[in-house]
Number of protein chains: 2
Amino acid sequence: MASLDLTGDIVDLTRTICDIPSVSGDERALADAVETALRAYPHLEVLRDADAVVARTTLGRDTRVVLAGHLDTVPIANNLPTTITGEILSGRGTVDMKAGVAVFLQLAALLDHPRYDVTYVFYDHEEVAAKLNGLGRLVRNHPDWLAGDFAILGEPSDGTVEGGCQGTMRVKITVPGVAAHAARSWRGSNAIHSAGAVLDVLRAYQPRQPVVEGLQYHEGLNAVKIEGGIAGNVIPDLCTVYVNHRFAPDRDVAAAEAHLRSVFAGFELEVVDAAPGARPGLDRPAAKEFVDLVGRVPQAKLGWTDVSRFAGLGIPAVNYGPGDPLLAHTDGEHVPVPEIRQALRVLTSWLS
Amino acid sequence: MASLDLTGDIVDLTRTICDIPSVSGDERALADAVETALRAYPHLEVLRDADAVVARTTLGRDTRVVLAGHLDTVPIANNLPTTITGEILSGRGTVDMKAGVAVFLQLAALLDHPRYDVTYVFYDHEEVAAKLNGLGRLVRNHPDWLAGDFAILGEPSDGTVEGGCQGTMRVKITVPGVAAHAARSWRGSNAIHSAGAVLDVLRAYQPRQPVVEGLQYHEGLNAVKIEGGIAGNVIPDLCTVYVNHRFAPDRDVAAAEAHLRSVFAGFELEVVDAAPGARPGLDRPAAKEFVDLVGRVPQAKLGWTDVSRFAGLGIPAVNYGPGDPLLAHTDGEHVPVPEIRQALRVLTSWLS
């Protein structure tokens, strides 16, 4: 089994864990190496669930923070082992997200008396179907392992704090009509024409751009599918509009649904699916300190990410990690070494 | 081969031709019987194209009228041979439309010196796909056989004159957009929302109800299909609306298209298909006399019928025949005997 030196140079550690292939579903070797390395530190309690490894301090601090990262990568594209040219480290996983994992592993090893209790979470199956997600499995099997006041996911964010995420909901609006032959259309009622009133609502809608805990979100309400009509000579008796709503994390799923039922009052509306957003938690003292140390204006995360899983446990969460997220999954995935060192420096300062 | 007595009782003749099965595609036996019977009359010139039979007088009159009926029926539903109870004749074809055919056959035999030249047209394949229609085939192969100043189709009309028919046109309106991820919808342009402007036009549209040659038509403009959307999290870049337009016979296809291009100015519009309407021709002297003899207020025909094929040749046409059109194609198809006799009486008076 590969042996990890958690306290050596952070770039060496990053390369070592990148060079242990861990495509989703094949994380075992890396998870074993991580578990073994962490068990060498008596200040850590180490737990394991399948190929997820959790390590935590138990110092009795008032505040506990969670640092989480996934061990898996998308498939290798002839871009391993890693290479380094000047200050650029290239190869599968360097951005998404083993540089972040390396930073968390080094913090776990070095910080035997952090100012907050810290839980480190290394999980599997992030890059595949949501139902396989290792963090989701931990939420189901061991929610207590994830307990905390604030969480950071080490996903690449170009060294900026990306806070929380917006929720998403899809609803189906059914507009009825009365069928008739098109030659005598006035005997029927055209459901497609009536659906124009739904599109009126959508066209007039002014999405909120609320500031939540210092971050500006941007909501959305959009038809993503419309269908109606039976035949070329029949007045349609049914038109269906599917609407996607993105909502800022100051609203939960129930509030978003109530909002849509109000916006579309008088229409038959059914919720097809929904996922809550996540509050950034930047109003928490530990989070404020962290943002100050990063020294850059935090940004709202608009898409849905794993931080929402923490939100489901009532834990505010942000993304923060080295690397350009636009390079994730590309064959030319690479990370500037200074960003790795900067992340390590910021997090060390914050937790020391 | 069955022998037809064209000069006997009209009810006997109706029953005889009903009792020769002639479901679409199987009209040969009846067409042969009709041709043979008509050839017995030296005042008629008899022509044949596949299973269509045409007979005409050649008296050199200034006016020629066309009386046309189809020989075929929808499939038999255990409703042959015909039965008669009191004054009701029941069975397949009694309404649609062998009573009308019987009346025309008797007129052809008896009227050796009608006041107008008359062309009698008996054709096949009316009850199936339009491309098989025997009248359409005659239009293509022998338009000269159909020449005339006014035409009557003997389809059931409850003894009322139903004049002309409305035209029909389908157009496809393509509304573009710009795709984007639903989490950042403002980076795109929602094609479904933009299609709301098409539905605005449709909802605000006031269809004309013009009086054409004394008959009131009623136009229509209706979406008959709408589709748009790629995936639940993508702002759609395309929405398509199919619109059906029914237009009164004071407009031809080109005028209807020009009207739609004006109504939907600014939208990408493509004509999918179109069929012209037919003017009723009730301003022609022969037609006026006929309507007076019928003695009932003529009605506009709103649906598209074979009269439109005459319109394509520049011949105004109406529907007039015994029987309730709502009984056509039903298992309980039946016709009141007085309606058959009345049609024979009216047409005889008109042509004598």
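One residue stands out among those in region B:301-339 that are open to solvent by less than 50 Å² (accessible area, probe 1.4 Å) and small (Gly, Ala, Ser): the one that is farthest from B:ARG251 (Cα to Cα), which is B:GLY332.
I'd like the full set of residues that are assigned to a helix (DSSP H, G or I) and either surrounded by 21 or more Cβ atoms within 10 Å (Cβ to Cβ) or in contact (Cβ under 8 Å) with a residue 60 or more places away in the chain (or both), limited to region A:127-148. Spell out how you get there, then give the answer.
We begin by selecting, within region A:127-148, every residue assigned to a helix (DSSP H, G or I); these are A:130-132, A:134-141, A:143-146.
Answer for region A:127-148, where residues must be assigned to a helix (DSSP H, G or I) and either surrounded by 21 or more Cβ atoms within 10 Å (Cβ to Cβ) or in contact (Cβ under 8 Å) with a residue 60 or more places away in the chain (or both): A:LEU132, A:GLY134, A:LEU135, A:GLY136, A:ARG137, A:LEU138, A:VAL139, A:ASN141, A:PRO143, A:TRP145, A:LEU146.
Can you say whether B:GLU35 is open to solvent by less than 60 Å² (accessible area, probe 1.4 Å), of a type in the set (Asp, Glu) and at pLDDT below 95, as far as the supplied structure shows? So B:GLU35 does not fit the description; no.
Looking only at region B:316-349, residues that are in a strand (DSSP E or B), over 21 Å from B:LEU215 (Cα atoms) and not aliphatic (A, V, I, L, M) come to 2 in all. Being buried (at least 24 other Cβ atoms within 10 Å of the Cβ) and either closer than 16 Å to B:ILE230 by Cβ or within 7 Å of another protein chain (Cβ to nearest Cβ) (or both) is the filter here; which residues of region A:234-248 pass it? Result: A:ILE235, A:PRO236, A:CYS239, A:VAL241, A:VAL243, A:ASN244, A:ARG246. Restricting the first member to region B:282-296 and to residues that are closer than 15 Å to B:THR348 by Cβ, and the second to residues that are part of a helix (DSSP H, G or I) and at pLDDT 90 or above, the beta-carbon pairs closer than 6 Å and six or more apart or on different chains are B:PHE290/B:TRP350; B:LEU293/B:VAL346; B:LEU293/B:SER349; B:LEU293/B:TRP350; B:VAL294/B:VAL346.
Condition test on B:ALA183, is it facing another protein chain (nearest Cβ under 7 Å) and out of contact with any helix residue (DSSP H, G or I) (no Cβ under 7 Å at 6 or more places or on another chain)? Walk me through it before giving the result.
Numbers: facing another protein chain (nearest Cβ under 7 Å): yes; out of contact with any helix residue (DSSP H, G or I) (no Cβ under 7 Å at 6 or more places or on another chain): yes.
When the stated conditions are applied, B:ALA183 passes them.
List the strands (runs of 3 or more DSSP E) inside region B:82-126, counting only whole elements, that have at least 2 residues being open to solvent by less than 10 Å² (accessible area, probe 1.4 Å). Please lay out each step first, then the result.
Values: elements: B:83-85, B:88-90, B:117-123.
Fully inside region B:82-126 and qualifying: B:117-123.
Taking region A:259-282 as the search range and keeping residues that are open to solvent by less than 60 Å² (accessible area, probe 1.4 Å) and among the β-branched types (Val, Ile, Thr), which one is farthest from A:VAL66 (Cα to Cα)? The residue in question is A:VAL263.
Within region A:249-258, identify whether any single residue is under 19 Å from A:SER308 (Cβ atoms), surrounded by 19 or more Cβ atoms within 10 Å (Cβ to Cβ), of a type in the set (Lys, Arg) and facing chain B (nearest Cβ under 9 Å), and answer yes or no.
Within region A:249-258, the first condition is being under 19 Å from A:SER308 (Cβ atoms), and the residues that meet it are A:249-257.
When the remaining residues are screened for being surrounded by 19 or more Cβ atoms within 10 Å (Cβ to Cβ), the result is A:249, A:251, A:256.
Next, from what is left, pick out any that are of a type in the set (Lys, Arg): A:251.
Of the ones still in play, those that are also facing chain B (nearest Cβ under 9 Å) are none.
No.
Can you tell me how many residues in region B:186-206 are more than 8 Å from every other protein chain (Cβ to nearest Cβ), of a type outside the set (A, V, I, L, M, F, W, C) and open to solvent by 30 Å² or more (accessible area, probe 1.4 Å)?
Looking only at region B:186-206, we keep the residues that are more than 8 Å from every other protein chain (Cβ to nearest Cβ), and these are B:187-189, B:191, B:194, B:197-198, B:201, B:204-206.
With of a type outside the set (A, V, I, L, M, F, W, C) added as a condition, the list becomes B:187-189, B:194, B:205-206.
Next, only the ones that are open to solvent by 30 Å² or more (accessible area, probe 1.4 Å) stay: B:187, B:189, B:194, B:205-206.
Matching residues across region B:186-206 total 5.
Do the conditions hold for A:ILE230, that is, is it without any contact (Cβ under 8 Å) to a residue 40 or more places away in the chain and either more than 30 Å from A:ILE315 (Cα to Cα) or not assigned by TED's automatic domain parsing to the domain that holds A:ARG284 (or both)? No; evaluated as a whole, the condition is false for this residue.
Quick check on region B:171-180: of everything there that is touching a Ser or Thr at 6+ places or on another chain (Cβ under 7 Å) and open to solvent by 50 Å² or more (accessible area, probe 1.4 Å), which residue is farthest from the other protein chains (Cβ to nearest Cβ)? Out of the qualifying residues, it is B:VAL178. The single condition among (1) under 22 Å from B:ALA248 (Cα atoms); (2) modelled with pLDDT of 90 or more; (3) among the polar types (S, T, N, Q) that B:GLN342 does not satisfy is (1). Counting just the residues of region A:283-300 that are among the charged types (D, E, K, R) and over 20 Å from the mean Cα position of the chain (by Cα), which one comes out least open to solvent (accessible area, probe 1.4 Å)? Checking each candidate, the answer is A:GLU289. Within region B:167-180, the set of residues being of a type in the set (S, T, N, Q) and out of contact with any helix residue (DSSP H, G or I) (no Cβ under 8 Å at 6 or more places or on another chain) comprises just one member, B:THR174. In this structure, is A:ILE88 closer than 21 Å to A:LEU4 by Cβ and of a type in the set (A, V, I, L, M, F, W, C)? When the stated conditions are applied, A:ILE88 does not pass them. Number of residues in region B:57-81 that are over 22 Å from the mean Cα position of the chain (by Cα) and within 17 Å of B:GLN106 (Cβ to Cβ): the value is 1. All of B:ALA223, B:ALA231 fail the test of being within 12 Å of chain A (Cβ to nearest Cβ) and more than 20 Å from A:ALA182 (Cα to Cα), apart from B:ALA231. Condition check for A:VAL297 on (1) among the β-branched types (Val, Ile, Thr); (2) within 14 Å of another protein chain (Cβ to nearest Cβ); (3) assigned to a loop (DSSP other than H, G, I, E, B): one failure, at (2).
Within region A:153-170, restricting attention to residues that are within 11 Å of chain B (Cβ to nearest Cβ) and in a strand (DSSP E or B), which residue is surrounded by the most Cβ atoms within 10 Å (Cβ to Cβ)? Give the steps one after another, and end with the answer.
Here is the first cut: in region A:153-170, the ones within 11 Å of chain B (Cβ to nearest Cβ) are A:165-170.
From what is left, the residues that are in a strand (DSSP E or B) are A:165, A:167-170.
Values: A:CYS165: 30, A:GLY167: 25, A:THR168: 24, A:MET169: 22, A:ARG170: 19.
That would be A:CYS165.
The values are calculated or read from the model by the stated rules, or taken from the named source; none is laboratory data. All values reported here derive from a predicted model rather than from experimental measurement. Note: ideal-geometry Cβ built from the backbone for every residue, glycine included; neighbour counts use all protein chains shown. Areas reflect the complete protein model, heavy atoms only, side chains present, ligands, DNA and RNA absent. Shrake-Rupley method; radii C 1.70, N 1.55, O 1.52, S 1.80 Å.
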